[in-house]
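**Student:** Here you go, one structure.
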Amino acid sequence: MPGLDRSSFATADPEAAREAFTPLVPRLQFGRVDPDAFRMRIRSESAAGFSLFNYSFAAPTAVDAGADDVLVVNARGRGLEVRHGGRAIDTSRPYVNVTEGVTATWDAFAARTVMLDRIRLQEVARLASEESGRLLEPVELAARTRALGDHWDDVVGRVTKAIAVAPEAFDEPLVAEAAFHRLAITYLNVFHPAWERPDGRHVAVGARSSVVRAALEYLHANAATPITVQHVAEAVHISPRGLHAAFVAETGRSPSAHLRAVRLEAVRDELRFAEPGDSIAAIARRWGFVHLPRFAEAYARAFGELPSATRNRRRRSIA
């Protein structure tokens, strides 16, 4: 799909609404609907590998919803209740709408939903882990902590801002791929999906010990704040030395190296979508890199180019 595909639609007809939602939720079925009060609006922006949807319903409605791709929903509403297999989903945090078994009722409802191509997401997961399986689904549908949910919202917000500021940049395949990859990696870190094996067992992507898993959650959720390895260790109730040993044993690098890598990736994201007034130095300092020559060296080692090359590619794409 070259560039961005944008669309918007509004209707008072439940059947027309169901058809409009087919790309997002192909197995959507409306239950209780007041046809006289029913109103639906939907707006979408799609690039290769992902789509962003904003939609609202202005009338009491009940639905059954099943999705083929991976959907992460931020929902708000009056009288809203979402369930999966009889269990309530915490809608105060982003949650995943899985392939089947999700039902919802509301008096009024609005949501922002990110759709990730399942096949491409699973390829990213395979590269991030030695495990694989038939299907990749989260074990728990809502983000496990509020901080992780906020981290997801922050990354989605950056992609949304990039689309709003420079939609023409998404004509460049590298820009669209970078946005998809960032969303995919964030999804894996926030929702910890597991591979479903043919025998019914579930194996987590990048299976880790509980200490390292909790430390990774904390680190990804708080990388934009002035945390240190000491803060991470305190958050997971282990000594810094013990955390270091666990990280090296399970990930092959120290917690400080992992934190630096996450922050370098965040700088690269911002450089790819930076506005003209944002300098490389300001972006680097925002992510904790004060010594700019050392930052440039670390960036070049990590990505094979200087920060200025990343920034210049962005400028050429919108020229």
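The values are calculated or read from the model by the stated rules, or taken from the named source; none is laboratory data. Since we're looking at a predicted model, the values are computed, not measured. When we count neighbours, we look across all protein chains shown, and the Cβ atoms used for this are built from the backbone with ideal geometry, even at glycine. SASA here: full protein model, heavy atoms, side chains in, ligands and nucleic acids out. Shrake-Rupley method; radii C 1.70, N 1.55, O 1.52, S 1.80 Å.
**Student:** Given 20 °C and 1.002 mPa s, how large is the Stokes-Einstein diffusion coefficient of region 175-308 in µm²/s, with Rh as the Kirkwood radius over Cα pairs?
**Tutor:** On the way: Rh = 16.3 Å.
Approximately 131 µm²/s, per Stokes-Einstein.
**Student:** Please work out the Kirkwood hydrodynamic radius for region 1-113, using every pair of different C-alpha atoms, and report it in angstroms with one decimal place.
**Tutor:** Numbers: mean 1/r = 0.0701 Å⁻¹.
Averaging 1/r across every pair of different Cα atoms and inverting gives 14.3 Å.
**Student:** Also, I was wondering about something else. Using a/c under 1.5 as the rounded threshold, could you call region 166-226 rounded, prolate or oblate? The axes a ≥ b ≥ c are square roots of the C-alpha gyration tensor eigenvalues, and prolate needs a/b larger than b/c, oblate otherwise. Display every interim value, and only then the final one.
**Tutor:** On the way: a/c = 4.54, a/b = 1.45, b/c = 3.12.
In terms of gyration-tensor shape, oblate.
**Student:** Something else now. Can you find, among 219, 249, 232, the residue farthest towards the positive end of the dipole of region 208-278? Put +1 on the C-beta of Lys and Arg, -1 on that of Asp and Glu.
**Tutor:** The one lying farthest along the dipole's positive direction is 249.
**Student:** Calculated FRET efficiency, residue 34 and residue 54, Cβ-Cβ r, R0 25 Å, to nearest 0.05?
**Tutor:** Values: r = 23 Å, r/R0 = 0.91.
Computed FRET efficiency for residue 34 and residue 54: 0.65.
**Student:** Next question, about the same structure. Give me the percent of accessible area attributable to carbon and sulfur for region 160-266, probe 1.4 angstrom. Working shown, then result.
**Tutor:** Details: 2700 of 4790 Å².
Ligands and nucleic acids excluded, carbon and sulfur reach 56 percent.
**Student:** For the residue pair residue 76 and residue 127, what label-to-label distance in nm results when each label sits 7 Å from Cα along the Cα-to-beta-carbon direction?
**Tutor:** 3.5
**Student:** Follow-up question, since we're still on this one. Enter the Cα centre distance for the pair region 205-249 and region 1-46, rounded to the nearest angstrom.
**Tutor:** 42
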